[in-house]
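Comments concern the structure below.
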Amino acid sequence: MKRPPFLLLLFFTALAGCGDSGKPAAPLEPLYSLTEGLDVAEIDHEPGIVDLGTPEARSLLRKGWSRDEGAYVWSDGPESELDFFLAVPRDVPLTLRGEPYRFPGALPQEVSLILNGESFEKVTVDGKDQRVVLPERHLRAGTNRLVLRYAWTHSPQADPRRLAVAWDLLRFETGVDAAARVRAAGGQLALPFGWRVTSYLRVPKGAALTLEDLRLRDDRAGDLRVTLQSEQGEEREIARLDPGHAETVELEDEGLVRLSLAAVPEEPGGPAGSGLVLKRPAIAAPRAAKAAPPAVPLPALERRPRNVVLYLVDTLRADHLGCYGYGKPVSPRTDAFAREATLFRRAVAQSPWTRPSMATILTGLLPRTHGVNLKRHALPPEAVTLAEALKQQGYATAGFVTNGNVARSFGFAQGFDTYELLPRKRSAATDVSARAAAWLEKRTDAPFFLYLHTVQPHAPYNPPEPFRRRFAPQIRDEALTRMRFLRRLQQGKIPATPEVRRDLLALYDAEIATNDAAFGELIDLLVREGLWEDTMIVFVSDHGEEFLDHGGWEHGKTLHTEMLDVPLIIRIPGIGNGKVLERQAQHADLTPTILSAVGVPVPAAVEGRSLLPWMNGAPEDGAEEVAFSWLEEYGLQTASATTPEWRLIEKRAPVSGRSLYDRRSDPGEKRDLGSERPVRTGHLATRLRAEELRKRGALRAGEGKMDAELRQQLRALGYVH
């Protein structure tokens, strides 16, 4: 996918280092413009009035806060944390205003203030303004953390939050010009005093910050503070630049770094509009000593498959298949299939629920492009589907689906000659295989594309015999097999005991085994019909399922591993048999992979990349693999950026915050490293922001219509109440 040149430089540069010691330094060449990259940089300023309960205040809040409630925001837990930036450490008066949670017998709410780990003051919150002074001895230039520790918390009835104070306002008397803005135009960067610009860069050895000029905007004195932090190191000041001349500052580190530029006034306060102007601020690096190695030609397919089967297993976690390391024998046919195919160890869903995921799988467009994100959304007719692209090349196309989220009413029948949503009573995985068999019997000599969407193991988990007897023999309570039980469990009306979790997982596994047998029937059918060696098969899931992994049930509520890490197994006769690839794949890659494999042109709008080169033995290209996912439903707004090693999750509503997980050492994503690895966190947040700012032809989603039958089908799956 095309990106602006400065982003390519930012993310994918891998220049060589300087020459040998004693030789003249290699001339510097521009690598990255700080003015062109301003839209993806982080911008901070010294705080003034923080109106809590508004979106503007959220950028300061970290842990221990509930959702915004207009005029205030509740604390949630024994402590609330906020971060704020100071250009110059000094005594800073602070006014706090909040109302304690009131109930019969409540004691006065005493709040301890802790600044950068040092306790310095206590106040009693009673609805009136409380004024303290943040002492200079506990403050530092850069980011500071203020912790509010409460004497007590209280949970109201049916409210899991631990409330202490409804905070209304914090007033920092810093004298910052809150109306000022960091601006970039004509190669110049205007940086007001008390403001900071932070960029996350991957830099080579010998890189430097260059300025053609640095000057004051008026008579108020000040300088430019340059700080650098490597991924494993501490933030440190590397230069303090006086206005009046050009500058070159060696960055000293290489690899992933955080570079911050702060305009520091000689005296706090002063007139509005004062600050610094940086002319052509940029990162430069020595000219590469060696040319890039020539591209390795990709081996061609010996022969292309004629037919395509897309087999979609709804709600299947990758870690519950034997070929992905699961210990229970729930997937013998799928495991055997994987031994004759290419298994992608790390495949990422673009959404944790069906409709956005399937829109991406069938178009190769990311959710922010195809626009299908909400329950009412339908795939717009302007989107070119996989079925349409294949039909234009003479393919017979058919889809047999069992989840109403991909019903014809939501636009998913585009390009299909035959498209059926199976009725509820005939929606088992074996019914899908039977419909596929009936359609294949009547096929013509044309190549075919067959999309099969099975609803097992989607909730409610009600597996048939003999699979229930084999994998969940201990379960006697039929209530566990009904959607109403899961609803009550979600609402906290049924205790989430370890026994309940164990039993639901057993039923889920039995459903996986049911689907596995049906998939085996499909394979047997293709073999009997003589189609096996001429058919490409893609086995994938739309998303996973949660069993209290992160405090919830089912799916569609988070972007953690149990939601986004899905199985992806692709069989193309003649290549990749038994191969396991660690290269990260994503849903958006499926349309270009399928079209490339059968020799059909890939539409220019497609945002994924064909996986065919890596299946066919191509070496890695060295680019950082990042998959982006979004959740914009159920009152939640969350986004994530995933690499083979890391996952950033950025919550935006109803509360905000960032968390970072090491996917290799912590595959269950239990330990948040966001505060320990700020450079990696900021880098992935920058990648996410750049992706969301990238210009493209975003489509406008349509609006689906539901008749009584479709509504009932979606109600049975828990999507309609």
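Elements of the type strands (runs of 3 or more DSSP E) sitting completely within the stretch 58-104 and holding at least 2 residues that are within 30 Å of the chain's Cα centre (by Cα) and within 30 Å of A221 (Cβ to Cβ): these cover 79-86. In the set (1) part of a loop (DSSP other than H, G, I, E, B); (2) among the aliphatic types (A, V, I, L, M); (3) at pLDDT 95 or above, the condition left unmet by A291 is number (3). A708 meets each of the listed conditions (1) farther than 21 Å from M563 by Cα; (2) crowded, with 17+ Cβ neighbours inside 10 Å apart from (2).
Cβ separations smaller than 9 Å between residues 6+ apart or across chains give no pair from the stretch 310-329 residues that are under 25 Å from D431 (Cα atoms) and modelled with pLDDT under 95 to residues that are buried (at least 24 other Cβ atoms within 10 Å of the Cβ) and of a type in the set (D, E, K, R). Open to solvent by less than 10 Å² (accessible area, probe 1.4 Å), more than 30 Å from P286 (Cα to Cα) and either modelled with pLDDT of 95 or more or not hydrophobic (A, V, I, L, M, F, W, C) (or both), is that true of L170? Yes: the conditions hold for L170. Of the residues making up the stretch 662-675, those that are in contact with a strand residue (DSSP E or B) (Cβ under 7 Å, 6 or more places away or on another chain) and in contact (Cβ under 8 Å) with a residue 60 or more places away in the chain number 2.
Looking at the stretch 357-451, the helices (runs of 4 or more DSSP H) lying wholly inside it that each contain 2 or more residues that are at pLDDT below 95 and more than 13 Å from A701 (Cβ to Cβ) sit at 429-441. Go through the stretch 122-131 and give me each residue that's part of a strand (DSSP E or B) and either surrounded by fewer than 16 Cβ atoms within 10 Å (Cβ to Cβ) or in contact with a Lys or Arg (Cβ under 6 Å, 6 or more places away or on another chain) (or both). Of everything in the stretch 122-131, those that are part of a strand (DSSP E or B) and either surrounded by fewer than 16 Cβ atoms within 10 Å (Cβ to Cβ) or in contact with a Lys or Arg (Cβ under 6 Å, 6 or more places away or on another chain) (or both) turn out to be K122, T124, R131. Might you let me know whether the stretch 378-386 holds any residue that is open to solvent by less than 20 Å² (accessible area, probe 1.4 Å) and touching an Asp or Glu at 6+ places or on another chain (Cβ under 8 Å)? Within the stretch 378-386, one or more residues are open to solvent by less than 20 Å² (accessible area, probe 1.4 Å) and touching an Asp or Glu at 6+ places or on another chain (Cβ under 8 Å). Here G364 does not qualify as on the phi > 0 side of the Ramachandran plot and open to solvent by 10 Å² or more (accessible area, probe 1.4 Å). Does P352 satisfy being modelled with pLDDT of 90 or more, assigned to a loop (DSSP other than H, G, I, E, B) and under 23 Å from E625 (Cβ atoms)? Taking the combined requirement at face value, the residue satisfies it.
Picking from residues in the stretch 691-707 that are among the small types (G, A, S) and closer than 17 Å to G608 by Cβ, the one that is modelled with the highest pLDDT is A698.
The residue that is surrounded by the most Cβ atoms within 10 Å (Cβ to Cβ), among those in the stretch 141-154 that are at pLDDT 95 or above and in a loop (DSSP other than H, G, I, E, B), is T153.
Residues of the stretch 693-710 include none that is of a type in the set (K, R) and either touching a strand residue (DSSP E or B) at 6+ places or on another chain (Cβ under 7 Å) or in a helix (DSSP H, G or I) (or both). For the stretch 403-462, the tally of residues that are β-branched (V, I, T) and either more than 20 Å from A518 (Cβ to Cβ) or surrounded by fewer than 20 Cβ atoms within 10 Å (Cβ to Cβ) (or both) stands at 3. Filtering the stretch 676-689 for residues that are free of Cβ contacts under 8 Å to residues at least 60 places away in the same chain and not in a helix (DSSP H, G or I) leaves a non-empty set.
Give me the pairs, please: first residue somewhere in the stretch 433-450 and at negative phi, second residue anywhere and open to solvent by 70 Å² or more (accessible area, probe 1.4 Å), beta-carbon distance under 7 Å, and either six or more positions apart or on two chains. What qualifies is S433/E521; L440/E529; P447/R306.
For residues that are basic (K, R) and over 35 Å from the mean Cα position of the chain (by Cα), scanning just the stretch 444-491, find the one that is nearest to Q392 (Cα to Cα). Of everything passing the filter in the stretch 444-491, R468 is nearest to Q392 (Cα to Cα).
The criterion of being within 34 Å of the chain's Cα centre (by Cα) and either at positive phi or of a type in the set (V, I, T) (or both) holds for V540. Considering only residues of the stretch 500-537 that are part of a helix (DSSP H, G or I) and without any contact (Cβ under 8 Å) to a residue 12 or more places away in the chain, which is most open to solvent (accessible area, probe 1.4 Å)? Only one residue fits best here, namely R528.
The values are calculated or read from the model by the stated rules, or taken from the named source; none is laboratory data. Computed from a prediction, not measured in an experiment: that's the story for all the values here. Here Cβ is always computed from backbone atoms with ideal geometry, including for glycine, and neighbour counts include all displayed protein chains. Remember, those area values only see protein heavy atoms, side chains included, never the ligands or the DNA or RNA. Shrake-Rupley method; radii C 1.70, N 1.55, O 1.52, S 1.80 Å.
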